[in-house]
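Quick note: the coordinates plus some simple rules give every number you see, no bench work behind them. Note that the structure is a prediction, hence the values are computed from the model and not measured. Neighbour counts run over all protein chains shown; Cβ positions are idealised from the backbone, glycine included.
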Amino acid sequence: MAYRLLLQVILLFAAAILSSCAVNPVTGRNELSLVSEAQERAIGEKQYGSSQQSQGGEFSVDPVLSEYVNEVGQRIAAVSDAPLDYEFVVLNNSVPNAWALPGGKIAVNRGLLTELNSEAELAAVLGHEVVHAAARHGAQAMTRGTLLQGALAVGAIASQDNDFADFIVGASQLGAQLISQRYGREAELQSDEYGIRYMIAAGYDPRAAISLQETFVRLSAGQNQGWLGGLFSSHPPSEERVDNNRALVNELLPELAGRDMEIGALRYEQAMAFVHENAEAYALFDESERAIADNDLDIALLNLDAAIGMVPDEARFTGLKADIYLYQENYTEAVTAYDAAISKDGNYFDYYLGRGVTHARLGNRRQARTDLEQSSQLLPTAIAMNELGKLTLLDGNRNQAKEYFSQAAQGRGQVGMEAAASFIKLDLADNPENYISVSSLVDDNRRIYIRVFNNSDLDLEEVTVEVAFLIEGAISTSRNRLESLASGDYRDINSGKRVPVGQDWSNDQMSARALSARPSG
Ligand SMILES: [Zn+2]
């Protein structure tokens, strides 16, 4: 009997493992995966938009460049081993970086494109990312549960380059983890190898993958801050990778003799014409961000005006100017600048977020709400949720306000803490028993005390509890009030009642509940 049971258990486990085994489309090997391909596609679809937003949004001022990058990407995707709905976009971000979400949703930053010398090098970057998607490296990371490391990386990146990573809340946190994770050594080597094979199949000269790696090693030796926070944090360049790539290319080259292998240096230069011509404007923009970090707002504004003079259509320049006006509490100018940024590019969360906060400060509650909701649809942030919570409370909807505050509380830093306090303040009034507990104890003289605990993270005042006692078959009640009760502390109150001689006392003979309390201050 026991043997049969054991056998059944073994069969059950085997079935569970078999059902979660999948063939890797790139390597052909069987591997454990707890994330199905359909789930991967769904995750990629859902996270693509907000992941782009959190990394600067689309580089919409030069749509021709995005089209070009997408064309090169599709040429690689067409020869990949996994038929996914591949998409490629250029992001308006000076940090050299590229990433792939599950399901083939890929992005490359403007700041990486400026370091490349040819279409073949671009094909090497995109080929590497296509393999991450095709070989299901994101699903593997989710299966291994290593995404937590990614979450830590988000924090590390946030402190250097991206002010918003700390503030992403809700379902979009998954995308932030996926695009900043390290896949691990084996996955990187696999992406390098098959990326090169895909380049060749698509007709590109694979030697570009080596010149690209050499550029990376050179740049990493320079210890450039942007590079440390960008591609290199998820893709540490290593001699091992360079050596492997060189060996593979040397092995494959003889077979390619006589075949046309494209470099596409001129075509790449033409596609990058706008970016190269306006490099100074974007350098001024980057300097403005550094100046803001150093609180040199006048310098930042001067740089931005110069940048706007060079590229008037770039919404980010005007949007950053608006952010400065908001910070300076110059609300009229801020609204005008946000309006201008939105008229140039109506598809970036930060302009709506900033304008929404500005309208909230001006007391324009309806306009504030519309803008904050719009910004949350593009990218849900703790700032927007916290502001929406405050507006909703002013409109008298406590439960909805609590919902917003609890979402905002997922964010780290000052805003998250402020939202958490706002939530507890409301919830303490609604559900004081969730924060205050009451028990009883008896001293040597049989006096009954009630012990009131503050289990919350806040210091409380005006704590009122109601207690009912059952003594010798009779019920009596009392109401007790404490002027203050610190977080994590307790207070014993003499109930004025005694346990009759010869009887035992148990907590069952008392029922208590917290009636009300307020946060101190
Ligand atoms: Zn990689």
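From the alpha carbon gyration tensor of segment 279-323, can you work out the equivalent ellipsoid semi-axes (sqrt of 5 times each eigenvalue) and give them in Å, largest to smallest?
Numbers: eigenvalues 49, 21, 13 Å².
Semi-axes from the Cα gyration tensor: 16, 10, 8 Å.
Hey, what angle do you get for helix 63-77 against the long axis of the chain, alpha-carbon based, 0 to 90 degrees rounded to 10?
Helix 63-77 and the main axis of the chain meet at about 80 degrees.
Can you work out the base-10 log of I(q)/I(0) for segment 22-271 at q = 0.07 1/Å, using the Debye formula on its C-alpha atoms alone?
-0.21
So for the pair Arg447, Arg518, with labels modelled 7 Å out along Cα→Cβ, what separation do we get in nm?
Result for the modelled spin labels: 3.1 nm.
How high is the relative contact order of segment 345-440, given as a whole-number percent (alpha carbon pairs under 8 Å, six or more residues apart)? If you can, show how the numbers build up before the last one.
Details: 112 pairs, mean separation 18.0, N = 96.
19 percent.
Which is farthest toward the positive dipole end of the chain among Ile179, Gly49, Tyr404, measuring Cα position about the Cα centre, with Cβ charges +1 (Lys, Arg) and -1 (Asp, Glu)?
The listed residue farthest towards the positive side: Tyr404.
Give me the compactness ratio for segment 432-519, meaning the Cα radius of gyration over 2.2 N^0.38 Å.
Against the compact-globule rule of thumb, the ratio is 1.10.
Let me understand segment 34-82 better: what is its radius of gyration from the alpha carbons, and its Dmax, in angstrom?
13.7, 40
If the only charges are +1 at each Lys and Arg Cβ and -1 at each Asp and Glu Cβ, what is the size of the charge dipole of the chain around the Cα centre, to the nearest 20 debye? Don't jump to the answer; show the numbers that get you there.
On the way: 42 positive and 71 negative charges, 436 e Å.
Using Cβ point charges on Lys, Arg, Asp and Glu, the chain gives about 2100 debye.
Kindly express, to the nearest 10 degrees and within the range 0 to 90, the angle between helix 147-160's C-alpha long axis and the longest C-alpha principal axis of the chain.
Roughly 80 degrees between the two axes.
Can you give the percent of C-alpha pairs in the chain whose distance is more than 30 Å? Numbers along the way, then the final one.
Numbers: 81220 of 135460 pairs.
Looking at the chain, the distances longer than 30 Å represent 60 percent of pairs.
How far apart, in nm, are the 7 Å Cα→Cβ label points at Ser476 and Leu394?
Each label point is offset 7 Å from its Cα along the Cβ direction, giving 5.2 nm.
Can you tell which of Tyr86, His128, Leu426 lies farthest toward the positive end of the dipole of the chain, using +1 and -1 charges on the Cβ of basic and acidic side chains (Lys, Arg; Asp, Glu)?
Leu426
Could you run the Karplus curve 6.51 cos²θ - 1.76 cosθ + 1.60 with θ = phi - 60° over segment 256-267 and give me ³J(HN,Hα) per residue in whole Hz, x for Gly and Pro?
8, 4, x, 8, 7, 10, 7, 9, x, 5, 5, 4
Tilt of helix 413-430 relative to the longest C-alpha principal axis of the chain, in degrees (0 to 90, nearest 10)?
The helix 413-430 is inclined about 30 degrees to the chain.
Would you work out the charge dipole size for segment 366-521 about its Cα centre, treating the Cβ of every Lys and Arg as +1 and the Cβ of every Asp and Glu as -1, and quote it to the nearest 20 debye? Each step should come with its number before you reach the end.
Values: 17 positive and 22 negative charges, 44 e Å.
About 200 debye.
Quick one: if you take sqrt(5λ) for each eigenvalue of the C-alpha gyration tensor of segment 278-430, what semi-axes come out, biggest first, whole angstrom? Display every interim value, and only then the final one.
Details: eigenvalues 202, 48, 31 Å².
The answer is 32, 15, 13 Å, longest axis first.
Run lengths n ≥ 4 of DSSP H only: what is the helix-derived mean residue ellipticity at 222 nm for the chain, with -39500 (n - 2.57) per run over all residues, to the nearest 500?
Details: 24 runs with 295 residues, N = 521.
After summing the helix terms and dividing by the residues of the chain, the value is -17500 deg cm²/dmol.
Suppose a student asked you for the relative contact order of the chain, using Cα pairs under 8 Å spaced at least 6 residues apart; what percent would you report? Display every interim value, and only then the final one.
Values: 867 pairs, mean separation 53.3, N = 521.
That works out to 10 percent.
Measure up Lys344/Lys390; Lys105/Lys344; Lys46/Lys402; Lys46/Lys344; Lys402/Lys497; Lys46/Lys390 against 32 Å on the Cα-Cα distance and list the ones that go over.
Lys402/Lys497
Could you work out how far the C-alpha centroid of segment 113-134 sits from that of segment 448-514, in angstrom?
With segment 113-134 and segment 448-514 each reduced to a Cα centre, they are spaced 68 Å.
Across every pair of different alpha-carbon atoms, what Kirkwood hydrodynamic radius in Å does segment 21-140 reach? Let's see the in-between values first.
Numbers: mean 1/r = 0.0689 Å⁻¹.
Every distinct Cα pair counted, the radius reaches 14.5 Å.
In whole Hz, what ³J(HN,Hα) sequence does segment 43-60 give by Karplus (6.51, -1.76, 1.60; θ = phi - 60°), x for Gly and Pro?
Result, rounded to whole Hz: 5, x, 4, 6, 8, 4, x, 5, 5, 4, 4, 5, 10, x, x, 5, 7, 7.
Return the FRET efficiency for the residue pair Asp504, Ser484: r is the Cβ-Cβ distance, R0 is 51 Å, and the value is rounded to the nearest 0.05. All intermediate terms of the calculation are to be shown ahead of the outcome.
Values: r = 34 Å, r/R0 = 0.66.
The calculated FRET efficiency here is 0.90.
Using alpha-carbon positions, what is the distance between the centroids of segment 378-422 and segment 24-96, in Å?
32 Å
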